[in-house]
1. Looking for whichever is over 21 Å from B:E75 (Cα atoms), away from DNA strand D (no atom under 11 Å from the Cβ) and at pLDDT below 95 here; the options are A:K35, A:K25. Which one fits?
2. Scanning for something within 12 Å of chain B (Cβ to nearest Cβ) and away from DNA strand D (no atom under 11 Å from the Cβ), does the stretch A:45-54 turn up at least one residue?
3. Taking into account only those residues within the stretch B:1-20 that are near DNA strand C (Cβ under 8 Å from one of its atoms) and in a helix (DSSP H, G or I), which is surrounded by the most Cβ atoms within 10 Å (Cβ to Cβ)?
4. Which of the following residues is without any contact (Cβ under 8 Å) to a residue 24 or more places away in the chain and under 22 Å from B:T101 (Cα atoms): B:Q205, B:Q194, B:Q166?
5. Name the pairs: first residue in the stretch A:68-84 and more than 7 Å from chain B (Cβ to nearest Cβ) and surrounded by fewer than 14 Cβ atoms within 10 Å (Cβ to Cβ), second residue modelled with pLDDT of 85 or more and part of a helix (DSSP H, G or I), Cβ to Cβ under 9 Å, at least 6 apart or on different chains?
6. Tell me which residues, restricted to the stretch A:26-60, are in a helix (DSSP H, G or I), crowded, with 17+ Cβ neighbours inside 10 Å and either outside the structural domain of A:E77 (by TED's automatic domain parsing) or more than 10 Å from DNA strand C (Cβ to nearest atom) (or both).
7. Tell me whether the stretch A:149-168 contains one or more residues that are farther than 26 Å from A:T104 by Cα, not small (G, A, S) and not assigned by TED's automatic domain parsing to the domain that holds A:D134.
8. Report yes if B:T177 is under 22 Å from B:L257 (Cβ atoms), of a type in the set (S, T, Y), assigned by TED's automatic domain parsing to the domain that holds B:V237 and touching a strand residue (DSSP E or B) at 6+ places or on another chain (Cβ under 6 Å), otherwise no.
Protein chains: 2
Amino acid sequence: MLTFKQLEAIYWVVQLGGFLPAAQKLNTTQSAVSKRIQELEALFHAPLLDRSQRSARLTSRGEELVAAAGRLLAEREALMQATEGRAPRPRRVRIGVTEVTAMTWLPLYVERLHAQHPEVSIAPEVESGAMLRDKLLASEIDLMIAADTFRDERFRASPVGSLKLQWMCKPGLVVHTKAPLKVQALQHHRILTQGPQSGTGILFQRWFESHNLKPGELVVSNSLIALIGLTLSGFGVSYLPPAAVQATVEQGLLEVLDVRPALPAARYAATIRREDRSTLMTSLVRLAQECCDFTRLYQTASGGPR
Amino acid sequence: MLTFKQLEAIYWVVQLGGFLPAAQKLNTTQSAVSKRIQELEALFHAPLLDRSQRSARLTSRGEELVAAAGRLLAEREALMQATEGRAPRPRRVRIGVTEVTAMTWLPLYVERLHAQHPEVSIAPEVESGAMLRDKLLASEIDLMIAADTFRDERFRASPVGSLKLQWMCKPGLVVHTKAPLKVQALQHHRILTQGPQSGTGILFQRWFESHNLKPGELVVSNSLIALIGLTLSGFGVSYLPPAAVQATVEQGLLEVLDVRPALPAARYAATIRREDRSTLMTSLVRLAQECCDFTRLYQTASGGPR
DNA sequence: CATTCTTACGTACTGCGTAAGAATG
DNA sequence: CATTCTTACGCAGTACGTAAGAATG
């Protein structure tokens with residue numbers, strides 16, 4: 001059976017001159033596009049693309065088909081717009097992110113998002129992870145990008161990358177040799193941390209307990225910005241994402257402590273409501289996966305891509 | 001995503017005035033058709049059919065859509081015929097059946113098959129079950145309808161109905177009261193049976209062994225016709241499908257023996273090669289399932305539907 | 001009460017994605 | 001050697017079929 005998916009595949013492969021760009025356009029993989037083309041060739045008992053060259057060169061049958069495909073797809077499009085066009089389209093997407101996200105690649109994400117879906121209005125909100133989870137459940141936001149700590153049956157979480165965390169303090173606050181510090185050394189210092197409403201806060205708590213440690217004095221803040229400020233002033237030791245304080249470290253205002261064992265990285269995820277299966281949402285998640293690689297980001301806390 | 005399947009559904013529901021006929025046309029179930037229509041209504045955020053009446057009454061949106069669907073489907077059809085029409089189409093189907101099948105509903109099947117697919121030339125072959133299996137594997141036939149005893153990984157077997165078997169003999173050969181006979185009584189008689197190349201022969205063998213019986217004298221034939229003839233002449237006792245000897249029994253030439261426990265019915269199946277996924281083949285299997293209900297057939301060994 | 005459609009639920013299978021392999025320039 | 005496409009394989013989500021339920025005339 002000839003399907004629209006197959007027609008889309010051949011059409012965009014020809015338009016964009018390759019399987020990979022076509023796959024991206026169609027929100028799928030090269031592999032899938034390849035299969036759909038092969039299905040077409042099986043259906044028509046004839047090769048449609050000439051693989052001997054690199055570029056997408058059509059055979060004569062291929063040309064016929066692509067022309068027809070263009071027509072069919074255009075008609076479908078018209079049909080959909082004629083009736084569905086009036087439908088209540090979710091043109092506003094509310095995106096919830098945590099502070100680190102906001103400080104790192106949110107600008108890049110929003111930029112690309114706008115380029116790809118100019119008709120969509122984007123409303124980013126910065127909240128703690130726990131708050132984001134509640135809002136997602138209550139449909140007050142549509143997408144959340146946060147540490148993958150807040151799992152739920154009703155959610156669909158897609159991993160987007162890991163956030164490295166490192167112990168930091170005001171230079172000189174923690175006296176140490178060149179050798180790595182032991183975790184126990186931290187017990188004598190005031191530790192600045194995020195509370196259990198934060199994904200990284202939860203991670204830290206688990207990690208500390210799993211090493212049978214009891215923190216000395218613990219100062220809890222709900223804001224990463226506040227934590228950074230407190231750490232800069234020498235108030236205590238905290239674990240911060242290097243990605244967010246790169247510039248500050250380079251200026252010598254913060255010292256990175258080499259503590260063993262190291263803190264585990266915080267795995268981040270783009271999470272949506274499970275039933276939310278619209279094309280737009282899957283596309284947003286995909287884009288997040290492309291953008292949100294913390295390891296490649298080096299930027300200041302004040303934001304702006306690179 | 002709008003698919004051709006959905007368009008086909010609404011189109012044929014309107015053309016044929018109901019879900020059930022549409023489902024048959026599309027080789028699927030009412031349930032599936034219902035779902036596809038619902039998908040469409042979800043897609044267009046509007047009811048397309050008015051369910052308050054029985055008949056398929058379209059809403060205004062429905063009318064628009066059906067018109068468009070008709071166009072799109074016609075174009076697809078044209079596209080397929082333009083190129084695929086020249087393709088080497090499997091217009092010859094080789095059907096392998098066993099003797100019972102040939103004697104019972106094969107004529108009906110061929111008739112309906114021809115009505116539904118006039119372009120297909122049908123070549124029926126009558127062989128033993130084991131031979132049919134070998135031929136199917138060797139692609140010497142395309143479809144086999146036989147007792148479901150010859151399973152194979154490479155096959156796809158669809159049940160088509162059960163063939164009742166009963167012990168029979170020349171009237172008076174086996175002396176008995178009105179009470180049911182015990183199986184053991186048969187041991188003293190010559191038993192006419194089909195060999196292990198036959199599905200029912202295998203069934204019989206298993207059944208006999210599972211009751212810890214040792215047959216007295218066993219006469220094996222490879223042909224059901226031969227068995228019937230031998231039984232008629234009083235040469236021995238055999239188990240025959242009533243469906244195939246109905247008339248003979250009614251004429252008083254054969255006596256049905258009420259033996260306990262009774263022989264199990266032989267489950268029949270329409271079997272094709274697993275990789276054979278063409279529309280035509282699935283359609284043939286479906287048709288077989290509709291036709292091949294032994295219980296409803298009453299006809300003479302000389303054949304001809306009813 | 002028969003017919004027509006819907007709903008619910010378990011299953012099969014298609015089609016997808018990952019990852020490795022081949023081919024090309 | 002990098003890029004582009006194919007192939008193999010395991011998994012998941014879809015879509016199907018069965019069977020029971022609701023609605024209609």
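1. Testing whether each residue is over 21 Å from B:E75 (Cα atoms), away from DNA strand D (no atom under 11 Å from the Cβ) and at pLDDT below 95 leaves just A:K25.
2. yes
3. B:V13
4. B:Q205
5. Pairs found: A:A78/B:A68.
6. Once the filter is applied, which keeps residues that are in a helix (DSSP H, G or I), crowded, with 17+ Cβ neighbours inside 10 Å and either outside the structural domain of A:E77 (by TED's automatic domain parsing) or more than 10 Å from DNA strand C (Cβ to nearest atom) (or both), the stretch A:26-60 yields A:I37, A:L40, A:E41, A:L43, A:F44.
7. no
8. No: the conditions fail for B:T177.
The values are calculated or read from the model by the stated rules, or taken from the named source; none is laboratory data. Since the model is a prediction, treat every value here as computed from it, not as a measurement. Using ideal geometry, Cβ is built from the backbone for each residue, glycine included, and neighbour counts are taken over all protein chains shown.
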